[in-house]
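Structure first, then comments.
The values are calculated or read from the model by the stated rules, or taken from the named source; none is laboratory data. It should be emphasised that the depicted structure is a prediction, and the values quoted were computed from it without experimental measurement. We place every Cβ from the backbone using ideal geometry, glycine too, and count neighbours over all the protein chains shown. For the accessible areas, the whole protein counts, side chains as well, though only heavy atoms, and no ligand, DNA or RNA atoms are used. Shrake-Rupley method; radii C 1.70, N 1.55, O 1.52, S 1.80 Å.
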Amino acid sequence: MPDIMHLIKIRAGQDRVHQVVSTAEGIRNWWTRDAVLDAKIGGAGEFGFYGHRMAIKVRVAECDPPERVTWDAISSTHGVFDGTTISFGLKSGGDITSVLFAHRGFKSSDDNIASATTRWGFYLLSLKRYLETGKGVPNPDDTELIR
């Protein structure tokens, strides 16, 4: 099964990065403003995009501060992400945190995974921008992406 993986280095402390990727409040600043998440293990979340025309429902599988966050995708619009796993692995090196992002378990390689790869890259740069400058580019502010 194909996977999406990215590695990005961010000038921010590991605790801060974990907080921003593991809570709805943090996620609203870099990924999507339409975010609801109960951050404890077993908690439910829903992330909407473009007026909720696209949505992903997740369950928190792992939340190990400040090193890891993992969500199991329960359902999504058109079933694209159903059964996949999204994880953020964090490792500190002084004032820089390495984020190893993985979105695993896609059923096949197709246009959907190609689009998701591009979008995750964009949003991870938004995460970096938010943590380093205070200004991310979450949906619906992500006008640089073609809809």
Loop GluC sites (Glu not before Pro), the range 7-106 (other Cβ atoms within 10 Å of the site Cβ: 15 or fewer; DSSP): Glu67
Whether the range 93-147 is rounded, prolate or oblate, judged on the alpha carbon gyration tensor where a/c under 1.5 counts as rounded: oblate
MRE, 222 nm, helices only [DSSP H, n ≥ 4, -39500 (n - 2.57), over the chain, to nearest 500]: -7500 deg cm²/dmol
With Cα atoms, 0 to 90° folded angle of helix 111-133 axis to the chain main axis: 20 degrees
Per-pair calculated FRET efficiency, R0 = 22 Å: Arg16 and Ser98 via Cβ, rounded to 0.05: 0.95
Which of His18, Gly48, Trp71, positive extreme of dipole for the chain (C-beta unit charges): His18
Gaussian network model of the chain, springs between alpha carbon atoms under 10 Å - residue of Ser115, Ser92, Ser126 with greatest fluctuation: Ser115
Solvent-accessible area per residue, Å², over the chain with all protein chains present [probe radius 1.4 Å]: 50 Å²
Sequence of His52, His6, His103 when ordered by accessible area, the most exposed leading, probe 1.4 angstrom: His52, His6, His103
Loop chymotrypsin sites (Phe, Trp or Tyr not before Pro), the range 1-79 (other Cβ atoms within 10 Å of the site Cβ: 12 or fewer; DSSP): none
Whole-percent carbon and sulfur share, accessible surface of the chain, 1.4 Å: 53 percent
Size of charge dipole - the range 1-71 - debye, nearest 20, with Cβ of Lys, Arg +1 and Asp, Glu -1, no other charges: 220 debye
